[in-house]
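Trainee: Below you will find the structure I want to go over with you.
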There are 2 protein chains.
Amino acid sequence: MSPPKIREGNVRGYIVPVGGAEQKQRDGRILERFVALCGGKNAMVAVLPTASRLRDTGERYVKLFEEIGVKSAVSLDFDERADAFDAGKLAELEQATGIFMTGGNQLRLSTILGGTDVARVIRRRNAEGVHVAGTSAGAGFISEHMIAFGQVGATPLAGMVTLAPGLGLTNRIVVDQHFRQRDRLGRLLAAVSYNPFVVGLGLDEDTAAFMAPDQVIEVVGSGAITVVDGAGLEYSSISFVRPGEPVCITGIKLHVLVEGAKFDLHARKAIPIADAKDSGDDA
Amino acid sequence: MSPPKIREGNVRGYIVPVGGAEQKQRDGRILERFVALCGGKNAMVAVLPTASRLRDTGERYVKLFEEIGVKSAVSLDFDERADAFDAGKLAELEQATGIFMTGGNQLRLSTILGGTDVARVIRRRNAEGVHVAGTSAGAGFISEHMIAFGQVGATPLAGMVTLAPGLGLTNRIVVDQHFRQRDRLGRLLAAVSYNPFVVGLGLDEDTAAFMAPDQVIEVVGSGAITVVDGAGLEYSSISFVRPGEPVCITGIKLHVLVEGAKFDLHARKAIPIADAKDSGDDA
């Protein structure tokens with residue numbers, strides 16, 4: 001789906017894909033930053049554990065958000081498509097100032113929520129200013145083009161990545177998660193080479209892209225975001241190589257960004273961390 | 001060491017780093033191409049198994065070269081520094097039209113051959129037109145700046161790669177091998193970010209860079225070469241981040257090249273495979 005239309009006078013909420021494992025970190029910087037966006041002590045967070053098959057995933061996040069300090073946190077258990085039309089749960093979603101999708105399997109998210117009232121409400125509310133975050137599978141699902149699954153490896157092979165329609169809050173990015181930890185450059189390159197309009201974001205674990213309404217992404221967390229920008233693509237053989245064969249791609253621009261650095265999706269420009277952080281010359 | 005000086009009227013030989021595992025492939029395209037360069041049926045190949053601790057490494061390659069069809073192939077067993085001054089072995093090296101260094105541990109090559117007559121002879125003979133190839137550890141050792149060891153992972157961490165002086169046939173490239181198979185983009189990015197003068201070459205297994213005297217590299221083999229070009233580097237935090245922390249780098253250019261594609265190290269330009277290979281539109 002295309003990104004939801006934003007009505008005049010409205011500003012869409014932040015879109016926050018997270019690379020996974022953010023809850024395992026002691027400092028919890030990413031979740032704290034998300035809560036601050038959503039109103040801090042007045043935040044009302046709805047957790048969607050749909051991607052996960054573990055019974056306690058939603059409740060674990062509810063506890064994490066309560067520990068940070070919010071007005072309310074609730075786990076909305078959309079476990080099959082019929083749940084996604086439940087009026088009571090939808091009412092809770094309408095109250096939320098922030099929506100958080102957990103990890104698991106992104107195909108559970110797309111097959112259970114795709115085309116339901118839940119998807120419609122999240123899209124509308126994000127367009128109205130509500131912030132939406134997703135971690136791991138939840139991060140992959142956020143954008144219009146979602147990496148459904150793929151093979152590992154640093155260089156792209158034809159057919160190594162399978163895209164599927166996602167929630168579509170934005171169509172500017174394709175997200176891959178656990179990036180450093182699971183060796184996924186090849187499949188992200190393959191995804192971008194299909195159509196270099198999209199920018200590939202490879203999110204390390206415990207690392208998030210806070211994508212502001214002005215399309216500028218800020219990096220938060222302990223890892224890095226690898227930005228794969230195909231706008232300058234000179235050549236790609238992906239239209240004719242056979243499955244399993246390596247793909248020839250030239251002219252990709254690559255940025256590795258750490259906390260504090262930004263990327264402007266509109267200008268396609270990396271804004272590195274301030275040189276002020278430099279501790280100076282060795283004397 | 002700096003690349004050896006080439007006397008007027010001479011043309012240096014090819015420099016051929018190989019990503020490893022080329023001997024396991026049935027078609028042996030890379031070794032055949034190397035033999036053709038070295039004179040085909042008149043080729044005299046000297047194999048240096050110094051990197052390997054396995055007794056039969058040299059003899060296995062001698063057999064492979066004999067099967068392809070050469071005038072002679074001989075394994076020169078420089079196993080400790082004293083061997084590297086052996087007049088008889090050096091005389092054989094002086095006869096060779098091609099020199100091939102096997103895989104193993106690149107630090108064995110640099111610690112045993114560095115600063116010896118063997119290193120001097122290889123450097124001089126390459127400058128005179130003799131072709132030099134190395135696979136895996138042998139590939140890493142070829143250039144002036146050699147990746148001695150490092151950590152795996154797709155994004156660069158400060159201190160994750162340790163460089164050491166290599167044989168120095170060229171100073172234009174830093175080579176990493178088993179690239180796709182061992183998840184080494186991070187350490188190659190870290191190596192290039194120290195000084196973007198060098199171009200990083202990530203060689204997949206069964207894939208070679210045939211580096212011609214005019215500094216144009218041609219890809220041969222079944223995998224890909226990932227070219228990491230830092231010439232357009234906009235920002236790098238590597239001068240001040242602490243060991244283990246992710247490095248912020250912007251403006252890296254990336255090319256993934258497959259067989260037939262070229263990269264001009266002088267112009268820093270990728271030349272993709274001919275569009276002629278395109279099988280045409282679907283009708």
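Laboratory data are not the source of any read-out in this text; all were calculated from the coordinates shown. In this text, all values refer to a predicted model and were calculated from it rather than measured experimentally. Methodologically, a virtual Cβ is constructed for each residue, glycine included, from the backbone with ideal geometry; neighbour enumeration extends over all protein chains shown.
Trainee: What does the average come to when, for each residue of peptide B:153-160, you count the partner chain Cβ atoms lying within 10 Å of its Cβ?
Mentor: That average works out to 6.
Trainee: Suppose a student asked you for the relative contact order of the range A:103-205, using Cα pairs under 8 Å spaced at least 6 residues apart; what percent would you report?
Mentor: Reported relative contact order: 26 percent.
Trainee: Given the options B:251, B:223, B:138, which has the most mean-square fluctuation in a GNM of chain B, springs set between C-alpha atoms less than 10 angstrom apart?
Mentor: Maximum among the listed residues: B:251.
Trainee: To continue, here is another question. Sorted from shortest, what are the nm distances separating the label point of residue A:60 from equivalent points in the other copies, each placed 7 Å from Cα along Cα to C-beta?
Mentor: Going from nearest to farthest copy, the values are 4.4 nm.
Trainee: Give the order of A:249, B:238, B:173 when sorted by the count of other beta carbons within 10 angstrom, beginning with the fewest.
Mentor: Least crowded to most crowded, the residues run B:238, B:173, A:249.
Trainee: Helix-derived [θ] at 222 nm for the protein assembly as shown: sum -39500 (n - 2.57) over DSSP H runs of at least 4, divide by residue count, nearest 500?
Mentor: Only helices count here, giving -7000 deg cm²/dmol.
Trainee: Would you order A:79, B:206 from fewest to most other beta-carbon atoms within 10 Å of each residue's own beta-carbon?
Mentor: A:79, B:206
Trainee: Using only Cα atoms, find the angle between the long axis of helix B:117-128 and the longest principal axis of chain B, and express it within 0 to 90 degrees, rounded to the nearest 10.
Mentor: Roughly 80 degrees, rounded to the nearest 10.
Trainee: Sticking with this one: What value does chain A have for Rg/Rh, both radii from Cα atoms and Rh as Kirkwood defines it?
Mentor: Checking Rg against Rh, the ratio lands at 0.97.
Trainee: I need to check one value: relative contact order of the range B:15-264, counting alpha carbon pairs closer than 8 Å and at least 6 residues apart, in percent.
Mentor: 19 percent
Trainee: How many nanometers, to one decimal and shortest first, lie between the label point of residue A:215 and those of its other copies, if labels sit 7 Å from Cα toward Cβ?
Mentor: Distances between equivalent label points, in nm: 3.8.
Trainee: Could you check the simple spin-label distance between residue A:197 and residue A:10, using points 7 Å along Cα→Cβ, in nm with one decimal?
Mentor: Distance between the two pseudo-spin positions: 2.2 nm.
Trainee: How many percent of DSSP beta bridges within the protein assembly as shown run antiparallel, rounded to 5?
Mentor: 60 percent
Trainee: Next question, about the same structure. Just going by the charge dipole of the range B:81-136, with Lys and Arg at +1 and Asp and Glu at -1 on Cβ, which of B:134, B:98, B:88 is farthest out on the positive end?
Mentor: Sorting the options by dipole projection puts first B:134.
Trainee: Under the classification rounded if a/c is under 1.5, otherwise prolate if a/b is larger than b/c and oblate if not, where does the range B:59-145 fall, given a ≥ b ≥ c as square roots of the Cα gyration tensor eigenvalues?
Mentor: Taking the square roots of the gyration eigenvalues as a ≥ b ≥ c, the range B:59-145 is rounded.
Trainee: Between 0 and 90 degrees, rounded to the nearest ten: what's the tilt of helix A:57-68 against the longest Cα principal axis of chain A?
Mentor: Value to nearest ten degrees: 80.
Trainee: Arranged from highest to lowest average of other beta-carbon atoms within 10 Å per residue, in what order do the peptides A:107-118, B:179-190 appear?
Mentor: Going from most to least packed, we get B:179-190, A:107-118.
Trainee: On full extension of the chain, what length is gained from residue A:55 through residue A:85, given 0.36 nm per residue of separation minus the C-alpha to C-alpha distance?
Mentor: 8.7 nm
Trainee: Is the range B:106-148 rounded, prolate or oblate when judged by the Cα gyration tensor, a ≥ b ≥ c being the square roots of its eigenvalues, rounded requiring a/c under 1.5 and prolate requiring a/b larger than b/c?
Mentor: Oblate, because a/c is 1.5 or more while a/b does not exceed b/c.
Trainee: Let me ask something else about it. Restricting the count to DSSP beta bridges whose residues both fall in chain B, what percent are antiparallel, rounded to a multiple of 5?
Mentor: The antiparallel proportion sits near 60 percent.
Trainee: Tell me the distances, shortest first, between residue A:269 and the same position across the other copies, using label points 7 Å along Cα→Cβ, in nm to one decimal.
Mentor: In ascending order, 2.7 nm.
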